[in-house]
Amino acid sequence: MCGKFEVKKIGDDYFAFMTECDEPKACSIILRGASKDVLNEIERNLQDALGVARNVVVNPRLCPGGGALEMELACRLMEKAQRVEGIHQWPYKALAGALEVIPRTLAQNCGADVVRTLTELRAKHSAADGSGLMFGINGNTGKIEDMKEAEVWDPVAVKIQSFKTAIESACMLLRIDDIVSGIKKATDQSGRKAYDSDEGEDDTFGDDRDG
């Protein structure tokens, strides 16, 4: 039940406000901007913020942001690759390189020295005692900081979904590649057989004519 109803003018438009409600179930957010493009950008940012809040409510677990999680996983995978012999170590190295794309992109977006920043971040996460677990890239300063002290966190639900999507996309591409490779192989084999049969007929024709 609405406790207070009033109409207010904001800018050139009139809005009806229902406040002081008993057990309210919903609310409205009014966005204003200097132009339509600015207003659309504000709306997108608000939707992203609400999505993050929803993910935290559904799954309250958090992990350090700033590429700290990705670099930690990349370093652990590289250690695992060193213990694997032969060509079986390449999948570990490829996955580690793919995970490093996140901190590399963060360093590029904030204008930091990409090579130096990644090298320093990799060195911190290479510590076997786990002392560099929380270190990531601060997007505001471009420096490597403790994400716990900087209060930069990422929802675990978003990270899990990102990894699942990446793995499913890779599997799909591999399946498509196998199908295309199989089609090409079958086409090449049929083409060679046809060529061999034609060549055999020419030899037979020549033998009959010579005889």
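Derivation of every value follows stated rules applied to the coordinates shown; laboratory data play no part. As the structure is a prediction and not an experimental result, all values here were calculated from the model. Ideal geometry is used to build each Cβ from the backbone, glycine not excepted, and the neighbour counts take in all protein chains shown.
Relative contact order for the chain: what percent, with Cα pairs under 8 Å and sequence separation of 6 or more?
18 percent
In whole Å, what are the extents of the chain along the principal axes defined by its C-alpha atoms, from largest to smallest?
Principal axes ranked by extent give 112, 51, 33 Å for the Cα atoms.
With each pseudo-label sitting 7 Å past Cα toward Cβ, what's the Q161-D177 distance in nm, one decimal?
2.8 nm
Mind listing which GluC sites (Glu not before Pro) in the stretch 24-93 are in a DSSP loop and have 10 or fewer other Cβ atoms within 10 Å?
Passing both the DSSP loop test and the Cβ count: E85.
Tell me the mean residue ellipticity at 222 nm calculated for the chain from its helices only (DSSP H runs of n ≥ 4, each -39500 (n - 2.57), averaged over every residue, nearest 500).
One gets -20500 deg cm²/dmol as the mean residue ellipticity at 222 nm.
Report the trypsin sites (Lys or Arg not before Pro) located in the stretch 1-102 that are in a DSSP loop and have at most 15 other Cβ atoms inside 10 Å of their Cβ, or state none.
Those that pass, being in a loop and sparsely packed, are K25, R32, R61, R83.
May I ask you to derive the relative contact order of the stretch 4-60, considering only C-alpha pairs under 8 Å and at least 6 residues apart, and to give it as an integer percent?
Relative contact order, the stretch 4-60: 18 percent.
Given 0.36 nm per residue, what is the gain on full extension from M18 to A53 after removing their alpha carbon distance, in nm?
Difference between extended and current length: 10.1 nm.
Please report, ordered by residue number, every helix of the chain (full DSSP H runs) that is 20 Å or longer along its axis going by C-alpha atoms and whose mean Kyte-Doolittle hydropathy reaches -1.0.
Details: long enough: 36-58 (33 Å, -0.03); 68-82 (22 Å, 0.05); 156-210 (81 Å, -0.60).
Helices meeting the criterion: 36-58, 68-82, 156-210.
For K4 and E79, compute 0.36 nm times the residue count separating them, minus their Cα-Cα distance, and round to one decimal in nm.
Full-extension gain reported as 20.6 nm.
If eta is 0.692 mPa s and T is 37 °C, what Stokes-Einstein diffusion coefficient results for the stretch 4-60, Kirkwood Rh from Cα pairs, in µm²/s?
Values: Rh = 13.9 Å.
Rounded, D is 236 µm²/s.
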